[in-house]
Structure formats: C-alpha cells, structure tokens
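See structure below.
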Amino acid sequence: MLFIAVYCEYGGTVKKCQQWLEKKQPTMYSRIWSPEVLEAEMASLSVEAQERAMKDAKKKAAKAEAAEQKQADKRANSVVTIKRIERNKRKYVTSVSGLEAFGLELKKVAKDFGKKFATGSSVTKVPSGGEEIVVQGDVSGEIEEFILEKYKEVPEDNIELVEDKKKKKGEGN
C-alpha cells in the first residue's frame, strides 16, 4: 500500500503532497511523516548524510517557496481580457483571454460558458501563441459576472472589458 504515497498529483512540491496525504490517508501520513519516524530515519544516516539531507530539504523548501511566490506574482499581474468583436453588421462574438494564468482549464470554462449562455463556445489559438475562448453573441457583461461568480480565483480588478469594432472596407489607408 506504500505505492499510493509514492505518487502525488502535485509533482515536486513536497508541502502540497504532505497536506494531501494527511487529508486523504492520515494513517499512512503518520507512518511516513510523523516526527518519530523522521527522527528514526535521520538517526540511521551518517553525520555527513544528515547534513546533506538537511541542506537539501532547506534548498527544496526555499525553491518551492520561490515558485509559489512567482506564481502568486504572475496571478496578481495577469489580466483577463473580455472583448466584444463585431463580425457582420449586427453579429458579435465575445473573446475571453488570460484565464489560463489563474489555473483554469480553458476547455472546461468554454463548456461552462456554452451551457450558461446557451450558445456556441470554443477554445481557439491566438497568433501570438496563446489561447482564448470565443463565445458566439454579445455576452461580454454577463461573462464578467459569471466569471466573478463561478471562478473565485479571478479577482474583479484583473478583468478588463474591451469593445473591438471590425474595420469597414472604406476605412483605413
């Protein structure tokens, strides 16, 4: 039964894996991570190995903390852009980009938009390399409310509404 603890969906972040294991498998957590077990494991190592293990643990903890800080900064600086784009005369599509920075799966969000607004919704690639969700119809205001209501990880300050007009044939150079 030890194989369950070997794999953790959080990958290299030991802290999250420990929290998950403590929540899901408390008996296994106490067998692996209890202070007594850790002390016994450390006692069986040589002095140099103990020092290396402590140094490695501190290094990994600092690296994980730096990664979490970087992710938090990225989320704070990320902006969700909701654009209303005119297609033909009175037809519009609404484009939503920037949601992936908040850890949301775009396909699932697109499906939620389609269900909520009873319209077509898809994930498309953007020429700049990212992805955006395109929803048929002018639902920009409603999408903002829906995102704030359903996806709490997206702060209201990070949502930007943009109205984009399609250039007419006579406009431009």
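The values are calculated or read from the model by the stated rules, or taken from the named source; none is laboratory data. Predicted model only: the values in this text are computed from it and were never measured. Please note: Cβ atoms are built from the backbone with ideal geometry, for glycine as well, and neighbour counts cover all protein chains shown. When the accessible area is computed, the model is the full protein with side chains, heavy atoms only, and any ligands, DNA or RNA have been set aside. Shrake-Rupley method; radii C 1.70, N 1.55, O 1.52, S 1.80 Å.
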Could you tell me the accessible area of Glu41 in Å² (1.4 Å probe, neighbours in place), rounded to the nearest ten? 110
Full-extension gain in nm, Gln69 to Gln50, via 0.36 nm per residue minus C-alpha separation: 4.0 nm
Using just the helices of the chain, give the 222 nm mean residue ellipticity in deg cm²/dmol: DSSP H runs with n ≥ 4 each add -39,500 (n - 2.57), and the total is spread over all residues, rounded to 500. -15500 deg cm²/dmol
Which far-off residues, 5 or more places away or on another chain, put their amide H under 5 Å from the one on Val80, with H placed in the peptide plane? Ile159, Glu160
Provide the per residue accessible area, probe 1.4 Å, for the chain, rounded to a whole number of square angstrom. 75
Angle between the Cα long axis of helix 47-77 and the longest principal axis of the chain, 0 to 90 degrees, nearest 10? 10
Just to be sure I understand, if you calculate percent of Cα pairs over 19 Å apart for this structure, which of (i) 70; (ii) 62; (iii) 54 do you get? (i)
Out of Gln50, Gln71, Gln136, a Gaussian network model of the chain with alpha-carbon springs under 10 Å gives the largest mean-square fluctuation to Gln50
Whose amide H sits under 5 Å from the amide H of Tyr92, counting only residues 5 or more places off or on another chain, with H placed in the peptide plane? Arg87, Gly137, Asp138
Zone of Glu142 (label point 7 Å along Cα→Cβ, backbone N under 18 Å): which residues in segment 58-84? 82-84
What stretch of the chain, leaving out the sites themselves, is the longest with no chymotrypsin sites (Phe, Trp or Tyr not before Pro) in a DSSP loop having at most 13 other Cβ atoms within 10 Å? 11-173
Percent antiparallel among DSSP beta bridges (both partners in the chain, rounded to 5): 75
Most mobile of Lys63, Lys23, Lys107 per a Gaussian network model of the chain (Cα springs, under 10 Å)? Lys23
